[in-house]
Every structure is written in structure tokens, then in C-alpha cells.
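Values quoted throughout were computed directly from the atomic coordinates according to the rules given, and no laboratory measurement underlies them. Computed from a predicted model, the values in this text were never measured in an experiment. Glycine gets a Cβ as well: all are built from the backbone with ideal geometry, and neighbour counts include every protein chain shown.
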Ligand code: GRF
């Protein structure tokens with residue numbers, strides 16, 4: 001496999017809490033691989049932002065864990081290479097993880113963005129791409145991890161929720177936090193209206209934070225992420 005264009009010191013996920021373990025200095029422009037499972041509105045926001053050379057990042061490939069989704073269609077319309085690794089096409093989850101890892105790594109990404117990607121990556125993936133993979137979650141971590149963040153926030157009765165961008169680790173929405181944005185919950189919200197309001201904030205957060213990571217690099221020190229090196 002080709003060497004990745006990524007200047008990292010240490011390992012991620014961390015083994016010793018509190019010790020500086022990773023510094024990332026992307027190439028210019030930074031190479032992004034985006035993984036999707038659905039409509040791809042977050043992907044579209046990144047594609048739109050990356051049209052400006054000043055943004056500092058370019059989407060070099062889009063991958064998915066399923067066919068026939070809006071996210072892949074958006075990538076195709078933008079002329080960006082796509083790939084699909086379906087879990088059911090592999091004997092084991094480990095094989096799927098290894099195949100996904102190899103394909104993503106073949107694009108030599110400085111940063112991988114899970115943008116509504118509905119699978120957990122595994123140990124193979126993290127051993128190669130850990131520390132340079134971020135995920136966006138439609139809740140304010142550490143509250144409401146998992147697949148139903150907006151629904152659980154609504155059912156709990158919180159007045160404020162939001163979205164979180166984090167460095168992917170082996171847990172569920174548990175990685176070190178890169179960025180968060182708050183979103184108010186309205187009295188008459190449904191899961192759908194709340195999730196739509198969150199997604200507007202999520203796209204803005206994603207574009208802003210990914211652009212800064214691309215242009216300035218990032219440092220992970222224990223659970224604390226700092227943009228700029
Ligand atoms: C986002 O809210 C993401 O956080 C969640 O699913 C949604 C994906 O939206 N996991 P899209 O596919 O980017 O439109």
C-alpha cells in the first residue's frame with residue numbers, strides 16, 4: 001500500500017490518557033475521502049465548499065456501505081470516483097473492515113470524513129486510518145450516542161441539542177471532540193423537524209471544522225483536540 005501523506009506522531013486511539021500522541025499536518029490541498037450511507041447532504045456541503053481553492057481541501061473519493069443512495073449520486077454528478085463495500089458481500093465483519101481500509105487508504109487521504117456513514121469501522125481500519133477520520137453525530141456528545149440522537153433528545157425533553165464532530169475511535173460516537181454546535185428544541189418539534197434543524201447546523205459545522213483541519217492541521221492530546229499545529 002502507498003504511504004499516506006500524513007505526518008502523525010504517536011498512535012490513535014490513545015493508550016495513555018493525557019499524553020500528547022498525535023499531530024497531523026495535511027498536504028495542501030488536503031485530500032478528503034468521504035464515506036456516506038444516505039442522502040449525502042453533508043457530503044454536498046463539502047463538495048460545494050471544496051470548489052473554492054481557498055478552502056484547502058479536495059474530495060478525492062466517496063465511499064459507501066450500500067448502493068443506490070443519494071450520496072453516491074451526488075459524487076457521480078460531481079465527477080468524483082466512488083466505491084461501495086457492502087457488509088453482506090464479505091464473509092466476516094473483519095474482512096469487510098479490511099477491504100474498506102484498503103480502498104480508503106489507496107486514495108491516500110489526509111482526512112476521512114464519515115458523513116452519515118452508518119457503520120462502525122473496526123480495528124483494521126483504526127490501525128491504518130485512526131486519528132485522521134472524523135464523524136458527525138446529530139447530538140451534543142456525550143449525550144445520546146448511537147443511531148437515534150434526535151429522537152432520544154426529543155424524548156428526554158432537552159431544550160438544547162446539537163451536533164458533534166469527533167475523531168473516530170473504537171466506540172459509538174465516543175471519540176475526542178473536534179467541534180460542536182448547539183440547536184434549540186422547539187415545543188412542537190417532531191423527530192423530523194428537529195433532525196432537519198440539526199442537519200442545517202451540522203453542515204455548517206462540518207464545512208467550517210473540516211476546512212480548518214485541512215488548512216491548519218490538528219493535534220489530539222488525550223481527549224482534547226486543537227486545530228492548528
Ligand atoms: C446526519 O444527521 C448524520 O449525522 C446522521 O445522518 C445524517 C446524514 O445526513 N448520522 P446526510 O446523508 O448527510 O444528508
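Annotation for the stretch 60-105 versus the stretch 152-174: alpha-carbon center distance of 25 Å. If you plug the beta carbon distance of residue 54 and residue 106 into 1/(1 + (r/R0)^6) with R0 = 41 Å, you get a FRET efficiency near 0.90. What shape does the stretch 45-165 have by the C-alpha gyration tensor, where a ≥ b ≥ c are the square roots of the eigenvalues, rounded means a/c under 1.5, and otherwise prolate means a/b greater than b/c and oblate the rest? Cα axes put the stretch 45-165 in the oblate bin.
Length, then width, then depth: along the principal axes, the Cα atoms of the stretch 66-115 run 32, 27, 16 Å. Given q = 0.15, 0.24, 0.29, 0.31 Å⁻¹, what are the Debye log10 I(q)/I(0) values for the stretch 156-204, with equal point scatterers placed on the Cα positions and solvent ignored? Taken in order of the listed q values, log10 I(q)/I(0) reads -0.45, -0.90, -1.05, -1.11. Over the chain, the reciprocal of the mean inverse Cα-Cα separation, the Kirkwood hydrodynamic radius, stands at 17.7 Å. Taking the helices alone, the chain has a mean residue ellipticity at 222 nm of -10000 deg cm²/dmol, built from -39,500 (n - 2.57) per DSSP H run of at least 4 residues and averaged over all its residues.
Pairwise alpha-carbon distances in the stretch 121-229 exceed 24 Å for 26% of all pairs.
Residues in the stretch 162-195, backbone N under 11 Å from the label point at residue 212 (7 Å along the Cα-to-beta-carbon vector): list them, ranges by number please. Within reach of a label on residue 212: 178-181.
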